[in-house]
Amino acid sequence: MDDLSRLNGKKSRKGLWITLGVVAVLLLGGAGYGGYQYYTIQKDKTDYSALNAKSKKDVQVQIKAGSDSATIAKDLDKAKVLRSERAFMNYVLTNNVSDMKAGYYLFSPSDTVQEMVKSLRQGGSAYPLNNKETITVREGETISNIANEVAAKTHFTRDEFLKAVNDDAFFKRLQAAYPGLLDSETTSDQKDQIRYKLEGYLYPSTYNWKDAKNVNELINQMVYQDYTQLKGQFDAIKKSGKTVHQVLTLASLVEREGIDEDSRRTIAGVFENRLDVKMPLQSDIATKYALDTDKTNLSNEDVKSDNPYNLYKFSGYGPGPFNNPSLQSIQAVLNPKDRDKGYLYFVANLKTGKVFYSKDYDEHLGKSGDLESTNESVGNAADSSNAAKKSSNTTTSSATSSN
């Protein structure tokens, strides 16, 4: 081979190695980018957080009859209340959600995917919620919060509403009008410690307040709807060995502790197991009601409260319901799940909504410890958001009062 051929051969081989090197770099770069994309997609799929946890606005969203999950996700995204369609779809699929309902809903960018799905499974209003003639009692809402909405949207005041729900004469008229609904409250051992006589008996729904001549008529609409929903459950309640008052009390805890039918039924089973062994129900929902606070993370001092609604300190059911539960939560109490597994403890991942159950305290401590940093972070963010909303509401209220 002559010198020219050798030189050309070396150049060819050098060019080949350069070409292969460039291809390798491109492939590695592509693989790296692809890996990054895959990581990002997977992370996005399981991030069920709110679009904007600090948002204070509500947006009305109509879910039309026959809408599938993908359509609902697009509607929520279009309304600018959903952070990720992909995460919404992943949550629906992994939790086997197939019972989201049509209707009008009020969603906020501060709502998580779990909160939205919970509302969608419970059902919306048959007519627009921004109608100035209607008010909405939401699932798990307390009488105190209902009174705030009544004062904000009607010509009835908060004080009028709270006075009416505790009026003895009015209570007796309702008791006579709806037999079997309110009777067991009057025989409760702790009836004198009940904060609001009608707590738990105002059914979550939308009501036309313009149809009410006075605040009693508005409350009557809510109690009537509760009677309509519950009267078909009276036989099952009697068969359970509980009173209506006790079932509503447990349902009010289950409503706020669980996020879907499955978790509510299992949590109801945990509460039943605790009652069987004379163990306090130890629900944060109860203690928050006792302290009249909406903060997420309770302190050791909080759970030592002497308030009779504090079910960390006191065993049994307490004085009565802690909010106004949905029919789904009532049915969860009447049909508890997994009681034979002997669960006595549970803790939820506040970011994903997944609930973990344990038979003994040591196992529970381990699971709680694993979730401590995540839950504390989510709780702090929620508390900051609630504080901001309270501040905004106080400012608005003060401005209204000064007019």
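The values are calculated or read from the model by the stated rules, or taken from the named source; none is laboratory data. All values reported here derive from a predicted model rather than from experimental measurement. No Cβ is skipped: glycine too gets one built from the backbone with ideal geometry, and neighbour counts run over all protein chains shown. All accessible areas refer to the heavy atoms of the entire protein, side chains included, with ligands and DNA or RNA removed. Shrake-Rupley method; radii C 1.70, N 1.55, O 1.52, S 1.80 Å.
Tell me the carbon and sulfur percent of the accessible area for the stretch 286-340, rounded to whole percent, probe radius 1.4 Å. Carbon and sulfur: 42 percent of the exposed surface of the stretch 286-340. The label-point distance for residue 272 and residue 44, in a model that sets each label 7 Å from Cα toward Cβ, rounds to 4.3 nm.
Computed from the Kirkwood radius of its Cα pairs, the Stokes-Einstein diffusion coefficient for the stretch 261-358 at 25 °C and 0.890 mPa s stands at 174 µm²/s. Within the same chain, aspartates and glutamates fewer than 8 places from residue 231 are excluded, and of the rest, those with a Cα less than 15 Å from its Cα are 183. Here the peptides 170-183, 306-319 are ranked by packing, the mean other Cβ count within 10 Å, and the order with the highest first is 306-319, 170-183. Per-residue surface analysis assigns residue 270 an accessible area of about 0 Å², computed on protein heavy atoms at 1.4 Å probe radius.
For the listed residue pairs 57/163; 54/313; 197/238, the alpha carbons are over 27 angstrom apart in 57/163; 54/313.
Computed over the stretch 200-312, the convex hull of the alpha-carbon atoms projects to a mean area of 9.0 nm². Summary of packing: across the peptides 260-269, 154-163, 243-252, 81-90, the per-residue average of other C-beta atoms within 10 Å ranks them, highest first, as 243-252, 260-269, 81-90, 154-163.
The packing ranking of peptides 140-151, 369-380, 288-299, 341-352, highest mean first, is 140-151, 341-352, 288-299, 369-380, where packing means the average number of other beta carbon atoms within 10 angstrom of each residue. Along the Cα-to-Cβ line of residue 58, 7 Å from the Cα, sits a label point; which residues in the stretch 72-97 have backbone N less than 19 Å from it? It comes to 76-77, 79-82, nothing else. Relative to the current alpha-carbon distance between residue 144 and residue 376, full extension at 0.36 nm per residue lengthens the span by 80.9 nm.
Between residue 365 and residue 99, the modelled labels are 3.8 nm apart [label points 7 Å from Cα along Cα→Cβ]. Straight-line reach from residue 74: taking Cα to Cα under 16 Å and skipping same-chain neighbours fewer than 8 places apart, the lysines in range are 45, 64, 101. Within the stretch 168-182, what residues put their amide N at less than 17 Å from the label point 7 Å along the Cα-to-Cβ vector of residue 193? Zone members listed by number: none at all. The portion of the accessible surface of the stretch 107-209 made up by carbon and sulfur, rounded to a whole percent, is 46 (1.4 Å probe; DNA, RNA and ligands excluded).
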